[in-house]
């Protein structure tokens, strides 16, 4: 039977690579230093595999087919956006398949991928927490960018089912669960129903799969232009409340606030905390260590939380 080694949640941002801190007190320096501490703690935990729960930012999934959840079972390929590692990534197939079977039996019709493209929403935190891309992973992509999203209560239920599946898996090793995303940040709409989303941009959100690289290249300057603004909107008060709730083992209480409350207080990008809810509930332990730095220059509240000690 498998053993769960713990849970680690971590914010991601393109600007962690694009706009690194200019000194030990620069924007993002605390976050990166504490990410290094988590990496050292994970090395001591010595997991044999990692389940990485994170979003896609229109590098693999588009509105031609937009699944709420996708599980990779055989191959994962990093898109290589914003400094994340490109190319093949190791997949723990001997863990992925039992998870898929158990989640299906629990009533979750996850989309299944034999060759899953993953972007910085999966890869950045995976790299930061494990120290590279060598540890076998099971990628679970959650739709947090393309409305309508899976409900918060559905994510709670998936976390419960994932925890049961991990504990029952015939996998001879220790498993670390990682969640990547959030915390608060405000992003432009990606909803084709929104009148502000029109023309080539709307077409790309629907048909981008036909030429993913061209779409990504056209979109990247707009993303880069968002970085570096010290007045960008971040809700540090909500972010700290969120981390405190997970430290109280109250992910269900966060979900009970509802979709609109989450968007009002944490922004459209804050929907990525669904990944944290799934992972923390799966492991079934409260956070015992947290770190937080609001980094408006990275357009994001950069948080970390673990169910294991970090020194």
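Odds and ends about this structure:
- Just one of the numbered conditions (1) touching a helix residue (DSSP H, G or I) at 6+ places or on another chain (Cβ under 8 Å); (2) free of Cβ contacts under 8 Å to residues at least 12 places away in the same chain is not true of residue 174: (2).
- Among the candidates 178, 197, residue that is modelled with pLDDT of 95 or more, part of a strand (DSSP E or B) and within 30 Å of residue 220 (Cα to Cα): 178
- Residue in segment 220-227 that is over 27 Å from residue 158 (Cα atoms) and assigned to a loop (DSSP other than H, G, I, E, B) present: yes
- Residue in segment 86-111 that is surrounded by the most Cβ atoms within 10 Å (Cβ to Cβ), counting only those that are touching a helix residue (DSSP H, G or I) at 6+ places or on another chain (Cβ under 7 Å) and farther than 18 Å from residue 136 by Cα: 103
- Output for segment 122-154, where each listed residue is in contact with a strand residue (DSSP E or B) (Cβ under 7 Å, 6 or more places away or on another chain) and assigned to a helix (DSSP H, G or I): 122, 123, 124, 125, 126, 128, 129, 130
- Criterion applied to 174, 245 was being within 26 Å of residue 52 (Cα to Cα), surrounded by 16 or more Cβ atoms within 10 Å (Cβ to Cβ) and in contact with a strand residue (DSSP E or B) (Cβ under 6 Å, 6 or more places away or on another chain), and the one residue passing it is 174.
- Among the residues of segment 45-86, the one identified as in a loop (DSSP other than H, G, I, E, B), free of Cβ contacts under 8 Å to residues at least 60 places away in the same chain and within 21 Å of residue 177 (Cβ to Cβ) is 85.
The values are calculated or read from the model by the stated rules, or taken from the named source; none is laboratory data. Nothing here was measured: the structure is a model prediction, and the numbers come from that model. Using ideal geometry, Cβ is built from the backbone for each residue, glycine included, and neighbour counts are taken over all protein chains shown.
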